[in-house]
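Please read the structure below before turning to the comments.
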Amino acid sequence: MAAAVELAARGVSVTVFESAKQLGGRARGVVHNDTQLDNGQHLLLGCYRETLRLIEMVGGNVEQDFLRLPLQLDLHGHFTLHAPRLPAPLHLLVALASAEGLSWAERLKAARFMLGLRLSGFRLKQDCTVAELLAQRGQDDDLAFKFWEPLTIAALNTPIDQASAQVLLNVLRDALDRRRADSDMLLPRLDFTALFPQRAARFVTEHGGAVHLSCGVERITPIEGGFELETPLGVQRFSQVVCAAPPVVAARLLRPLPELAAAVAQIEALQHQPIYTVYLQYPAETRLPSHPQGVRRCVPGGSAATLPQPMLGLHQRISQWLFDKGMIAGQHGLIASVISAEGKHQGWSHTELAARVTAELHEEFGFPSQPLWHQVIAEKRATFCCAPNLARPDQRTALPGLFLAGDYTAGDYPATLEGAVMSGVRCASLCLPERK
Ligand SMILES: Cc1cc2nc3c(=O)[nH]c(=O)nc-3n(C[C@H](O)[C@H](O)[C@H](O)COP(=O)(O)OP(=O)(O)OC[C@H]3O[C@@H](n4cnc5c(N)ncnc54)[C@H](O)[C@@H]3O)c2cc1C
């Protein structure tokens, strides 16, 4: 949709084929029990410039569509880092220096490490795993468990002993080293289909294009002057094609094209990592009074069922991050628990996983021992596994006029919305000079 709106805005007649009944792909709205959910709780960063620009271009309003929070990493009762409203990178150094849950020596090591990264322009001579980099730079286990590991898993959806240190540094550079607002965390108040793709579809049709749902492309065939696409609407001809399907489908569509064998080999070599989201709906009127240390216990007459803040991490628990949808989007009593990357939870049934997450919320905050309902959404191929020195296919392919868009294509970023959007924007700019 990023490629489509960029091209539509420049007067190109665009046709979008989407195989699903709705737009959004891996960032889409889902309805359960009459409640609007997403296929997974998403978080954007202030440095996601292209995504935020396009949301506004198609009629969104970033300040209204998101709850904006200054950078904060809170592992309930174990670690707290809050960035003050100071210019970058001072805000990070003050945040590290005042972080709770680390010794002075650990804070100093983390701050020295960050300063060293700045001095090297956030570039490594040789990519390695995050775990290897942390060991090389004297970041001991406690610091890794409380700070670097949650940060890496949240940013790259890859365990630290497999994750690319260079890609993590790319994200740190963009989020922490430029404007202070780049490190802000933006939590969407709308579901993801409504936030961008639905608005983008309206924008495309208003600019003379077309968007077809439940209309997957089955085959791409090069012809004289363009391509034929086999679709449920019949065979259609186009002068240029942006293939924006997820990696597994892109590989299937491109495999019959001998010119693209190298790109297909790169796509097939990608490994994937899951993300599980457990939604728990409690009665909106459940009362949880404040505990002196911010922990809430459930007794009648207290404050409404909320977490101490809209987003909160748990240390060494199944739930990695909890999101209070009441505070974020007015969906009172709804909690989203996010579990990123591979782990033992993949072997459990959804009922068992929901029961364990429920028990954690009960133990940590005094939430009721049973929610009204739960819904587990397991995205088994949520993102590619962001390993060191990963060869990712370029947006430009060996066939002129055929481009690849998606989070898995070449770029600085891990599999993220911004990575996907930047890739789509690049495809649009590659299409334009080739227009006949
Ligand atoms: C649970 C979860 C949580 C995440 N959290 C975050 C987060 O907090 N922050 C962040 O930045 N990123 C997050 N991500 C990653 C982010 O969602 C993805 O990187 C991004 O959505 C990928 O976009 P894409 O356009 O590359 O691919 P997709 O979203 O996969 O889009 C591909 C589209 O192609 C369609 N399609 C498939 N086959 C065909 C066909 N044959 N013909 C036509 N259409 C087809 C699909 O239906 C889909 O709509 C998360 C992902 C998941 C799954």
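Bear in mind that the values in this text are calculations on the coordinates, not laboratory data. No experiment lies behind these values; they were computed from the predicted model shown. Here Cβ is always computed from backbone atoms with ideal geometry, including for glycine, and neighbour counts include all displayed protein chains.
Things to note:
- The chain - Debye-derived log10 I(q)/I(0), Cα point model, q = 0.08, 0.14 Å⁻¹: -0.47, -1.37
- Lysine pair count for the chain [Cα-Cα under 27 Å; pairs on different chains or 8 or more apart]: 11
- Fewest-first ordering of ASP182, ASP407, ASP161 by other beta carbons within 10 Å of each residue's beta carbon gives ASP161, ASP182, ASP407.
- Exposed-site-free run, longest, the chain (rule: GluC sites (Glu not before Pro); DSSP loop; at most 11 other C-beta within 10 Å): 1-223
- Tilt relative to the chain, helix 104-119 - C-alpha long axis, 0 to 90 degrees, to 10: 20
- Taking the longest Cα principal axis of the chain as reference, the axis of helix 165-176 is set at about 80 degrees.
- Extension gain for ALA269-ASP412 works out to 49.6 nm (0.36 nm per residue, less the C-alpha to C-alpha distance).
- Here each label is just a point 7 Å from Cα along the line to Cβ, and for ARG381 and ARG178 those points are 3.1 nm apart.
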